[in-house]
Structures are given as C-alpha cells and as structure tokens.
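Shown next, in structure tokens, is the structure this report addresses.
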Amino acid sequence: MSDVADWWRTSIIDMEPGRIHLRGQPIQDLIGTVSFAEMIWLLVRGDRPTPAQARLFEAALVSAVDHGPQAPSIAVARMAVTCGLPLNNAMASAVNMLGDVHGGAGEQAVELYHFIEASNAPLPDALDDWIGAHGKIIPGFGHRFHKPVDPRAPRLMALVEEAVAAGACKGRFMEIGRGVEAEITQRKGQPLPMNIDGATAVIYAELGFAPPLARGLFCLSRSVGILAHAWEQTEQGGRNKGPTPPHYRWTYDGD
C-alpha cells in the first residue's frame, strides 16, 4: 500500500467535487438514459447489457418482488414497523431473513446448474453426485404453496426462449434446468416443476452472474415488496403486532 488512498481500491466509482463517474461513465450521462436494472448490471458487472439481455434481466428482478405477508421477510418488515421502527430498519430486518432456507434457493440452483454443466457425467449421474454432496432437496423445483405450477416460472422460461432466439444467451442452462425438471419428475412419478428460484437461476446463469450474486439480486428484488409492505403497515397503524393475533396462543409443551 503506497498511500492512504490505496486503503480502499475500487473500479466502480471515481469521484471528486463536481464529478461522479460510475464505471468510467459520467453520472449525468446515465441519468434518464439507463433503466434501474441496467444500472444494477453496470455497477455489478462493469459493462452494459444488450437490450435483449436487459429485458431478460429485468424480468427476473420483477418476478420476485413479493410473495405476501406469509413470507418471513415480508412478515418481519410489517412487524418491525408496528414496533416503531422506520422504513430503513424494517427493510434491513427483512433482508436479514433471506438466508439459505428463505431466499437462498436461487443461489443454490445456480450452483446446481454450474455443477451439472461442469460434470463429464450424464445429467442423471451428475444429479446423483449433487444429491450425495448436498442432500435430497433439489433447489429450484417444487413449491410448498403453488401447486401444481408456480405461475412465475413458465413465463420466465418463455422469456429465456425469446432471449436465446435474440442472441442474448445460449440456452445451455435452460436445457440443464429443464433436464433436471424432467429427471426428478420421472424419479418421483409425479410432476415436480421448476419454481421461481429455478427459473431465475436459469436466467442469472445464462446471463453470466456468479451464484452468490443470485442471492444478492434476489435481495434487491424482494426489497421492493418489503418496502411496499412496510409502508402499507405504517399507514395502517398498529402497535407491537406479533406473527399471530393475540387470541391465538402458542403450544406449550414443557412440564
């Protein structure tokens, strides 16, 4: 380190009084000319998406904005504001709920697709290897609420097909995702269709995002719903609302 200025190093932003450059581009040239989704891509990746890539990327972001108050992240945001917290604290509390079980399946599905893509084995054998290392739950397939089909997934996959036709991506991970869907459906003897996590994972893998970014992008997407619910609860009022109405009691199983 040659100077204090080298303590933090970044190629994302260069700034001095009266000048802000993001990835080498003046902020005033970006304002009003790029979408929010394109700005996310630019800052994270350092380049600009093609129009077809941008449409597919934005579709994935839009698809995951909300899943109702029964989703732990949304419920926490609504409870937080009834405890007197401002919107930023409610949003932070909610995003911190997005871990491996709630919010992490997209990242895990991208990892699964990359694992199969890198394997020299046929897809069924590669899937068995994955299960041996990670357990029997296949991320991105099936849904505890949406049966028989998560309505978001078919639409996203149709958009992937359009993006492949437009040259925005190659379709390799789309083929892998559909291959996994067919394989696990055959094994179980009943449909186990791709859910939103599996579909957005196809998109993020097709567009070249690393697996951890799939979770980060999901956090950005779900933050929209978190903000909307937190603000709605703020306007509705209420104080110290827990997860269930007061007259519903928990089950005590102690002595």
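The values are calculated or read from the model by the stated rules, or taken from the named source; none is laboratory data. Note that this is a predicted model, so its numbers are computed, not measured. All Cβ positions, even for glycine, are placed from backbone atoms using ideal geometry, and neighbour counts span all protein chains on display. These area figures cover heavy atoms from the full protein model, side chains too; ligands, DNA and RNA do not enter into them. Shrake-Rupley method; radii C 1.70, N 1.55, O 1.52, S 1.80 Å.
Could you list all residues from the range 54-74 that are of a type in the set (D, E, K, R) and either modelled with pLDDT of 95 or more or crowded, with 18+ Cβ neighbours inside 10 Å (or both)?
Of everything in the range 54-74, those that are of a type in the set (D, E, K, R) and either modelled with pLDDT of 95 or more or crowded, with 18+ Cβ neighbours inside 10 Å (or both) turn out to be R55, E58.
Only one of (1) more than 30 Å from I116 (Cα to Cα); (2) assigned to a loop (DSSP other than H, G, I, E, B); (3) open to solvent by less than 80 Å² (accessible area, probe 1.4 Å) fails for F209. Which number is that?
Every listed condition holds for F209 apart from (1).
What number of residues within the range 1-53 satisfy the criterion of being in contact with a Leu (Cβ under 9 Å, 6 or more places away or on another chain), open to solvent by 100 Å² or more (accessible area, probe 1.4 Å) and in a loop (DSSP other than H, G, I, E, B)?
The qualifying residues number 1.
If you take just the helices (runs of 4 or more DSSP H) that sit entirely in the range 85-150, which of them hold at least 2 residues that are without any contact (Cβ under 8 Å) to a residue 60 or more places away in the chain and over 30 Å from L227 (Cα atoms)?
So the answer is 105-118, 123-134.
Conditions (1) exposed (fewer than 14 other Cβ atoms within 10 Å of the Cβ); (2) of a type outside the set (A, V, I, L, M, F, W, C); (3) closer than 22 Å to I203 by Cα, marked per residue:
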{"position": "E107", "(1), (2), (3)": "no, yes, yes"}
{"position": "E111", "(1), (2), (3)": "no, yes, yes"}
{"position": "F115", "(1), (2), (3)": "no, no, yes"}
{"position": "S119", "(1), (2), (3)": "no, yes, yes"}
{"position": "D125", "(1), (2), (3)": "yes, yes, no"}
{"position": "W130", "(1), (2), (3)": "no, no, yes"}
{"position": "G135", "(1), (2), (3)": "yes, yes, no"}
{"position": "I138", "(1), (2), (3)": "no, no, yes"}
{"position": "F141", "(1), (2), (3)": "no, no, yes"}
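Quick check: anything in the range 41-53 under 16 Å from the mean Cα position of the chain (by Cα) and modelled with pLDDT of 95 or more?
Going residue by residue through the range 41-53, those that are under 16 Å from the mean Cα position of the chain (by Cα) are 41, 44.
Cutting the leftovers down to modelled with pLDDT of 95 or more gives us 41, 44.
Yes, the conditions are met somewhere in the range 41-53.
All but one of (1) touching an Asp or Glu at 6+ places or on another chain (Cβ under 7 Å); (2) of a type outside the set (F, W, Y); (3) open to solvent by 10 Å² or more (accessible area, probe 1.4 Å); (4) over 18 Å from P151 (Cα atoms) hold for G237; which doesn't?
Unmet condition: (1).
Six or more apart or on different chains, Cβ atoms under 9 Å: show the pairs whose first residue is in the range 180-199 and in contact (Cβ under 8 Å) with a residue 24 or more places away in the chain and whose second is among the acidic types (D, E) and open to solvent by 50 Å² or more (accessible area, probe 1.4 Å).
P191/E181; L192/E181; P193/E181; M194/E181; G198/E181
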